[in-house]
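Working notes for the structure below.
The values are calculated or read from the model by the stated rules, or taken from the named source; none is laboratory data. On a predicted model such as this, the values are computed, not experimentally measured, just so you know. All Cβ positions, even for glycine, are placed from backbone atoms using ideal geometry, and neighbour counts span all protein chains on display. These area figures cover heavy atoms from the full protein model, side chains too; ligands, DNA and RNA do not enter into them. Shrake-Rupley method; radii C 1.70, N 1.55, O 1.52, S 1.80 Å.
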Amino acid sequence: MGYYPKQYRRRLSIGHDGNALMILIAINLVVFILLTFIKVLYYFDQSIDLSYPNVLDWFTLPANAGTLLRRPWTLITHMFVHDRVWHVLGNMLWLWAFGFIMQDLTGNRKLVPVFIYGGLAGAISFVLAFNFLSVLRPEVNVATALGASAGVMAVAIATTMTAPDYRIFPMLNGGIPLWILTVIFVIIDIATIPYNNAGGHIAHIAGAGMGCIFILLLRRGYDWSEWMNNLFDWVGNLFNPNKPKKGKRVKDQLFYKSQATPFKKTPNLTQQKVDEILDKISQKGYHYLTDEEKDLLKRASKEDL
């Protein structure tokens, strides 16, 4: 880990603009509340046309390939749908635990893409498992998938690979390395495949694999989150009255061709400048800082600014 996690890691607050973690949790909880409301209505009057089972079917992922072709949106919607209180609470607690660390280390533009990629990988593996594994094929017409587990697993693995030595519960003999808890989490998931919800656990493992692939590619310079974030920004700007106007970008041009610089520019160090750099870390991550901004952080730490 670089310099900033030691002294300049600024956590996003719950109400902070662009807090991807809280947005993900809020979407999952709002969907759960809406479906629960429909479930309560259906419980008191099962004759209503908008019955809970019918509504749920339109958002959960079917294992049957033919049904999936008629409901392709379920590849996305299923990862935000939960039908039990403990199911949604468990997933949201794990998402908060790992997502908080990931967002703290990498900014808020990696969490949502990793979650969605994990959910998609889980969905594809779920459908393939029920259509090609003989032990699961008899249930292909009735099996459905729902829940954020695959996406949460992707976030857990991506977070662990980003900072495997990150320690939690520091009061326990200096803390427990994050990678140990993640390994236990994955082993338990694999060990329970033969006992219940085999297709779901296969989806979880696929989500874990996607989280691993995302970080490995990111280390090699391939950022799979970039196009998705650009799409989110474009959609957000459609409803933003203060969106930037269209026009040509001003490109920086270097006219001085000498190999040696005549002097080294030393910018003034102010609290406002440090705050701007910390906000940039929160929004994009430490790796997006320029060399000048990194030097300013080091100077600030020495001067106790």
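Numbers below:
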read-out	value
For residue 280, solvent-accessible area (1.4 Å; no DNA, RNA or ligand), Å²	50 Å²
Using θ = phi - 60° and Karplus 6.51 cos²θ - 1.76 cosθ + 1.60, couplings along region 24-32 (whole Hz; Gly, Pro as x)	4, 5, 4, 4, 4, 5, 5, 4, 4
As computed over region 149-223, the Cα convex hull volume per residue (Å³)	88 Å³
Å² per residue, accessible surface of region 148-242 at 1.4 Å	57 Å²
Charge sum, other residues only, whose C-beta stays under 13 Å from residue 217's C-beta, Lys/Arg counted +1 and Asp/Glu -1	+1
Solvent-accessible surface ranking, highest first, for 169, 185, 98 at 1.4 angstrom	169, 185, 98
Estimated FRET transfer efficiency when R0 is 30 angstrom, pair residue 133-residue 216 (beta carbons, to 0.05)	0.65
Normalised convex hull volume, region 101-242, alpha-carbon set, Å³ per residue	148 Å³
Cα point-scatterer Debye curve for region 183-235, base-10 log of I(q)/I(0) at q = 0.13, 0.29 Å⁻¹	-0.49, -1.03
Virtual spin-label span in nm between residue 239 and residue 272, 7 Å along Cα→Cβ	3.3 nm
Square roots of 5 times each gyration tensor eigenvalue, C-alpha, region 102-170, largest first, Å	32, 13, 9
Whole-Hz ³J(HN,Hα) from phi, Karplus 6.51 cos²θ - 1.76 cosθ + 1.60, for region 131-144, glycine and proline x	9, 10, 8, 4, 5, 9, 4, x, 9, 4, 7, 10, 6, 9
Probe 1.4 Å, all protein chains present, accessible-area order of 222, 286, 43, largest first	43, 222, 286
Spin-label model distance (nm) - residue 223 vs residue 37, 7 Å beyond Cα toward Cβ	3.8 nm
Which of 86, 234, 94 is most accessible, then next, and so on - probe 1.4 Å	86, 234, 94
